[in-house]
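Inspection log for the structure reproduced underneath, given as structure tokens.
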Amino acid sequence: NRWVVVATAPNAGFDLSGLLFGWPAAIMAGALAMLALAGLGFRSYQRELKRQALTDELTGLPNRVLFRDRVERAIHLARREGTSVAVMVIDVDRFKDVNDTLGHRHGDLLLKSLAGILGDSIRDSDTATRLGGDEFGVLLPHVEGPEDSHNVADRIQRNLTDAIVLDGAPVHVDVSQGAAI
């Protein structure tokens with residue numbers, strides 16, 4: 001931030017008696033308003049930086065940094081409440097083949113589609129994330145036992161039975177899934 005100070009000399013022919021309520025006051029009010037707007041812009045900029053730091057740019061899902069934080073919080077809460085939490089890892093089988101045969105653009109479209117499928121397969125209280133590359137994670141807080149993660153895994157598999165269409169090209173996707181309770 002830069003401050004600019006404007007001053008007038010006492011003998012410059014200006015009537016300084018209205019300094020508080022004349023033009024200088026209006027200029028000060030304008031300057032203060034500009035500083036307030038700049039502060040709002042800075043806060044907006046800070047929010048955007050935070051969003052970028054915690055979100056996967058391609059899929060819009062939380063990234064591994066935010067996922068780790070949510071997992072740690074869920075584990076602490078589960079210990080305190082005497083409940084369980086599940087963490088799933090999902091890997092896209094033969095994803096490299098999609099990139100090699102259809103190109104990286106189609107690989108990106110596939111990852112975006114998978115992010116949507118994951119979102120449709122979990123509860124609102126769960127968190128789907130892109131860990132990196134073709135790996136996704138899912139946090140399931142407040143699970144009763146292994147059957148809860150099995151149910152989510154089955155739902156994901158069912159949602160993947162239909163081909164995903166990428167620019168008119170149908171792509172059948174298989175995933176490998178694992179979970180820890």
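Table for the structure above
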{"read-out": "Spread of Cα-to-Cα distances over 10 Å intervals beginning at zero, given as percent, for region 91-181", "value": "16, 50, 26, 8, 0"}
{"read-out": "FRET efficiency, 1/(1 + (r/R0)^6) with R0 41 Å, evaluated for A33 and N99 via beta carbons", "value": "0.20"}
{"read-out": "Efficiency of FRET between D69 and N151 - r from beta-carbon atoms, R0 30 angstrom, step 0.05", "value": "0.75"}
{"read-out": "Whole-percent pair-distance distribution, where bins are 10 Å wide, for the alpha carbons of region 98-148", "value": "23, 43, 23, 10, 1"}
{"read-out": "Label zone at T83, where the point sits 7 Å out along the Cα-to-Cβ direction: region 124-152 residues whose backbone N lies under 13 Å", "value": "124-127, 140-145"}
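Throughout, read-outs are computed from the coordinates displayed, never taken from laboratory work. Worth saying up front: this structure is predicted, and the values here are computed from it rather than measured. For neighbour counting, all protein chains shown are included, and Cβ atoms are generated from backbone atoms with ideal geometry for every residue, glycine included.
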